[in-house]
Amino acid sequence: MQLELGKIHIKDVEFGEENKVENGLLTIDKEALLHKIKDDHRIESIDLEIVRPGDNVRIMPVKDVIEPRCKIEGGDVFPGFVGSEDLVGSGKTIALSGVSVVTTGGIVGFQEGIIDMSGPGADYTPFSKLINIVITCEVKDNIKSHIHEEVLRLIGLTAAKYIGEAGKTCDPDEVKTYTHSPLLEACELGGDLPKVGYVYMLQTQGLLHDTYVYGVDAKEILPTIISPTEVMDGAIVSGNCVSACDKNATYFHQNNPIIDELFARDGIDLNFVATIITNENVTLADKERSSSYTARLAEKIGLDAAIVSQEGFGNPDADLIMNCKKLEDKGIKTVLTTDEYAGRDGASQSLADSTPEADAVVTAGNANEVIELPPMERVIGHVRFANKIAGGFDGSLAEDGSITVEIQAITGATNELGFNKLTARGY
Amino acid sequence: MAQNKEKVLTIITNNPLVKSESILTEHTTLFFSDLDKVLTKARDLIHQGYTLITHPLAGSVKPWANPYRTVLLEENEQLNMRSLEIMENSLQKYDQFKNDLEENSSEKLNESIREDYQLIDYDLIKELI
């Protein structure tokens, strides 16, 4: 399976008469886009704004961030939602790099998700470096939370696909070809290199904690094998609205840095043979089944080692540890990537579960660290949530508009795929 | 999701929404107004041979930000060590975040936020009852 991923570097974005990209300038026909996304009787109001790195702007609460992409060959982006049902992961894809679609909306009263485009908070989110097309959408009063989430999810995906199509006729600035060989072939090609797999844990705990694969709610799946190139084409979509710092927004799925690094080292010091997706469910029986099945798949494939990434924290720590232990019991070496909830002073135990086999763990930072975000000239979204965001506490929102919060409230701050740049140093 | 429909479960909760839904089922519901009691009662029952059906830590909402918690257990004969281990680890995390939780205690939350927290907690277990 081969995917040619072309990237167009977007330098600026403006609203105009038509949808196009010229010399790095993305022009979006705002009326046409609004027309496309507002045609839903559940929507009360909807608007679009463009914000740029360095702007004195705070966006909150952020629901999802999506990179605009389109397919030139081989299906449609976001299959199962806004595209056809054709399988993706091969052919040609164009990504508009440097730009994203951000959806906002207060689905529940305590929702978090802050992106500051400048100031100290901007350092903590990778999305402050992008030009963001922000969709502010309100739904009708009687709409239940899970329907509200679905409305925003579809609006975001539709907008990202529509905007992505502006790149269809352009020559990309860079093109990279990703080849994912059939298993037997890959094993032969890799020779003596260790066979490494990626165990990709998806948050699937119900309302506001869901992830979809080809449109299927991942809490209902048995762990399965997916091509990493399918992930790049939007086969995995986020419906996860809570825990801003370590939820995997759709953008992170599209640009998974673990997959990227495994591809970069494939054939050099390792043989990247498989990606296994698994879920993080609520019941212990589900956790046992999924982790056992993940280990069995890894054994069947013949993996020597696996990288396991977590999404979220708390109860999913149990899934992470079960995956680790069961893989190690089969002789498969593991490296875990996670983040920490070690208290505001960083002195408490970081995870809610542990095992001696978890002896190679990479942290993406302590989500309980406190930060003060100064007031911004403009807030896009819903400022009334500031006092009740996760990681916030009574009096979080000061009169001048500044917010004191744990970095848990900042979108992508401790992303467990390693997309952000927080690290720990010993002194 | 696991199918536990045929099993009679013990539901320990401080969530009024769970109580109002579960009272109509064949399951046993123990309602406490205090989160502390929910967790210690669950631990005590595990010592008496009950097995955990759901993980006592909340989903990705900050570990103890949600003042409502429901734990599902099933009666068994023997002490289940894995259940006890998970319960003890969860109690340890609870102690760690207890102070934050008090700042966020249910009396201080306004009605609509309270309802949202109840809904999130209920949604995690609704398919099982």
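Here are a few things to note about the model shown:
- According to the calculation over all Cα-Cα pairs in segment A:1-74, the P(r) per 10 Å bin from zero is 13, 38, 37, 12, 1 %.
- Heavy atoms of A:His41: accessible area, 1.4 Å probe, square angstrom to 10: 140
- Cβ-defined net charge surrounding A:Arg378, 15 Å radius [Lys, Arg +1; Asp, Glu -1]: -4
- Set A:Lys63/A:Lys333; A:Lys7/A:Lys63; A:Lys219/B:Lys7 screened for pairs whose C-alpha atoms are more than 32 Å apart: A:Lys63/A:Lys333
- Reachable lysines, given that their alpha-carbon falls under 21 Å from the alpha-carbon of A:Lys421 and they are not under 8 places away in the same chain: A:Lys129, A:Lys247
- In a DSSP loop and with at most 15 other Cβ atoms within 10 Å, the trypsin sites (Lys or Arg not before Pro) in segment A:3-35 are A:Lys11.
- Relative contact order of segment A:2-409, pairs being alpha-carbon contacts under 8 Å that are 6 or more residues apart, as %: 18
- DSSP beta bridges in segment A:2-409 [antiparallel fraction, %, rounded to 5]: 50
- Farthest toward positive dipole pole in segment B:10-128 [+1 Lys/Arg, -1 Asp/Glu at C-beta], among B:Leu91, B:Leu39, B:Ala58: B:Leu91
- Sites listed here are trypsin sites (Lys or Arg not before Pro) in segment A:286-348 whose DSSP assignment is loop and whose Cβ has at most 13 other Cβ atoms within 10 Å: A:Lys330, A:Arg344.
- The gain in end-to-end length when the A:Lys333 to A:Lys168 segment is fully stretched comes to 55.2 nm, 0.36 nm per residue minus the alpha carbon separation.
- Local net charge near B:Phe32, Cβ-Cβ under 15 Å (Lys/Arg +1, Asp/Glu -1): +1
- Ordering A:Ile407, A:Ile50, B:Leu24 by Cα displacement along the dipole of the protein assembly as shown toward the positive end leaves B:Leu24 in first place; charges were set at the Cβ atoms of Lys, Arg (+1) and Asp, Glu (-1).
- Total formal charge among the other residues, if their Cβ is under 13 angstrom from that of A:Asn23, Lys/Arg +1 and Asp/Glu -1: -3
- Accessible area buried, both sides summed, chains A and B with 1.4 Å probe, Å²: 3300
- For chain A, the C-alpha radius of gyration sits at 0.95 times the compact-globule guess of 2.2 N^0.38 Å, with N the residue count.
- Listed residue (A:Leu34, A:Ala342, A:Gly74) projecting farthest to the positive dipole end of chain A, Cβ model: A:Gly74
- Within segment A:31-53, backbone nitrogen closer than 13 Å to the virtual label 7 Å beyond the Cα of A:Lys140 toward Cβ: A:40-45
- Phi-derived couplings, Karplus 6.51 cos²θ - 1.76 cosθ + 1.60 at θ = phi - 60°, listed residue by residue for segment A:182-189: x, 3, 4, 5, 4, 5, 5, 4 Hz, with x used for Gly and Pro.
- Simple Cβ-charge dipole of segment A:2-409, Lys/Arg +1 and Asp/Glu -1, about Cα centre, in debye nearest 20: 460
- Interatomic Cα distance distribution for segment B:10-128, bins of 5 angstrom, percent: 2, 12, 23, 25, 21, 12, 4, 1, 0
- Amide H to amide H, with H built 1.01 Å from N, A:Thr224 comes under 5 Å of A:Ile277, counting only residues 5 or more places away or on other chains.
The values are calculated or read from the model by the stated rules, or taken from the named source; none is laboratory data. Everything numeric in this text was worked out from a predicted model, so none of it was measured. So basically every Cβ, Gly included, is an ideal-geometry build from the backbone, and we count neighbours across all protein chains shown. These accessible areas exclude ligands, DNA and RNA; they are computed on the full protein's heavy atoms, side chains included. Shrake-Rupley method; radii C 1.70, N 1.55, O 1.52, S 1.80 Å.
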